[in-house]
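Read through the structure below, which is laid out as structure tokens, and then see the notes.
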Amino acid sequence: MQQCHFGHGAVHLLPNYESPRPFVVWYPLPDNARIKLSLKHRRHDTWHKSSASETDARLGHIVHVLMGYPTLVISGTKLAQEIGTTRSEVWRLVQSLRDLGVHIEGHPSSGYQLASIPDLLLPEMLNPLLRGTIFGANVHHYYHAGSTNTMALEAAAAGASEGTVFLAEQQTAGRGRGSNTWRSAESVGIYCSVVLRPNLPPPDVLTLTLATGLAVHSAIQEVDSRVLPDLKWPNDVLIYGKKVCGILTEMVSEATRVRHIIMGIGINVNHADFPAELRPIATSLRMTTGTEWSRIELGAALLKSLDREYKALLRGNGAHTDILRRFEQHSSSVRGRDIWIEENPDLRGTTEGLDDRGFLQIRTREGVKPIYSGTVRLK
Ligand code: BTN
């Protein structure tokens, strides 16, 4: 697949297996009271065995059935009937879940009972929270993935429907903008990519990117309103000047029509620390509040708010203008800040808000100029 980085996202030339090849435009993109939520659950061995294959849906199914009877011990026979397998297979699956940190009490002769639920982004945990959104029906979970954006791009090219979600507990080849990588440590972050197929002209994709930043902003605030995320154009989310979230927008487009967009969102949630080279620039929600966050709660809030933003943008009715206005409202750097562009250090000036397409404007010695691409560095 040929990929062109330009501005704040990447535009793909269609992969070889898709035909006919369209004309592709390079466009700058810029209670359950009994069940405790357990945030400590990591067991590395099984995860690595899972490799890049999708999580066995029966694992989530067992958790789902046990969650339905929180106060009861469920017999192995009943579980086997519920998921359509044998008692011995149920035992094997329960062991796998335990290896993943799911606290299940009991054994084949006594039956099973859930003691706590791990903070895993399993479809069975997320789907009930996503009813009514475009994201509820098609959530794919991986313990171990290369890059969820790459998976989503491939799936979209092969016809995956709008609203398909790819989530990984860990990425081994997480991608950031440009040639950057995205550090994706195991089960401490949200690594999520969604397939969108908007009926929008390519220039409006920038607005969708900005709206995704707003969705992250409102999801964080929904979970803990004391945290004040700061949006940095076009698609970073900062807390006290350090990055907590990055968004990678990739699209395949014809001249006037978007074929599909992949919105890749990486949030640093429960990281306790970062490697020395990232410490000055990266933070996590846990490092901000001093408490562990539920990735399920945050992940569901994120997809719900993205659903709201997306539907509003498609409806029109002034949503585009409203997104630009709210982005400015939640960004300390789009007005009155001295900035320079990392890839073009001579391009520097003072920010003067967003133009009506969503590009950042800066006042330079030569006048006001829009920034079409590049990484904004704050002085
Ligand atoms: C950036 O700020 O450079 C963008 C980072 C985007 C990271 C996310 S994590 C989920 C998705 N999969 C990827 O490989 N990248 C995005």
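The values are calculated or read from the model by the stated rules, or taken from the named source; none is laboratory data. It should be emphasised that the depicted structure is a prediction, and the values quoted were computed from it without experimental measurement. As a convention, Cβ positions derive from the backbone with ideal geometry for all residues, glycine included, and neighbour counts pool all protein chains shown. Note: areas computed on protein heavy atoms with side chains; ligands, DNA, RNA excluded. Shrake-Rupley method; radii C 1.70, N 1.55, O 1.52, S 1.80 Å.
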Label-to-label distance, nm, for residues given as Ala173 and Leu129 (7 Å Cα→Cβ offset): 3.0 nm
Dipole-positive endmost among Trp233, Cys245, Ser110 within segment 101-258 (Cβ charges, Cα centre): Trp233
Label-point separation in nm, Thr256 to Arg87, each point 7 Å along Cα→Cβ: 6.7 nm
Unsatisfied cross-links (Cα-Cα over 29 Å) in the set Lys304/Lys369; Lys78/Lys304; Lys311/Lys379; Lys232/Lys311; Lys232/Lys369: Lys304/Lys369; Lys78/Lys304; Lys311/Lys379
All-pairs Cα distance distribution in the chain, expressed in whole percent, bin size 10 Å: 5, 23, 31, 23, 12, 5, 1, 0
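Determine the sum of side-chain charges near Leu238: Lys and Arg each +1, Asp and Glu each -1, restricted to other residues whose C-beta is under 11 angstrom from that of Leu238.
Surrounding charge for Leu238 is +1.
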Stretchable slack from Arg357 to Tyr69, in nm (0.36 nm times residue separation minus alpha-carbon distance): 98.5 nm
Solvent-accessible area, 1.4 Å probe, carbon plus sulfur percent, for the chain: 51 percent
Heavy-atom surface of the chain, accessible at 1.4 Å and reported per residue (Å²): 42 Å²
Antiparallel bridges, percent of DSSP beta bridges restricted to segment 61-184 (to nearest 5): 60 percent
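Expressed in nm to one decimal, what extension gain is obtained for the pair Glu343 and Glu186 from 0.36 nm per residue of sequence separation less their Cα-Cα distance?
53.4 nm
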Candidates per trypsin sites (Lys or Arg not before Pro) in segment 88-157, loop by DSSP, up to 16 other Cβ within 10 Å: Arg131
The chain: calculated mean residue ellipticity at 222 nm from DSSP helix runs of at least 4, using -39500 (n - 2.57): -9000 deg cm²/dmol
Modelled FRET efficiency - R0 51 Å, His103 with Arg325, Cβ distances, 0.05 increments: 0.65
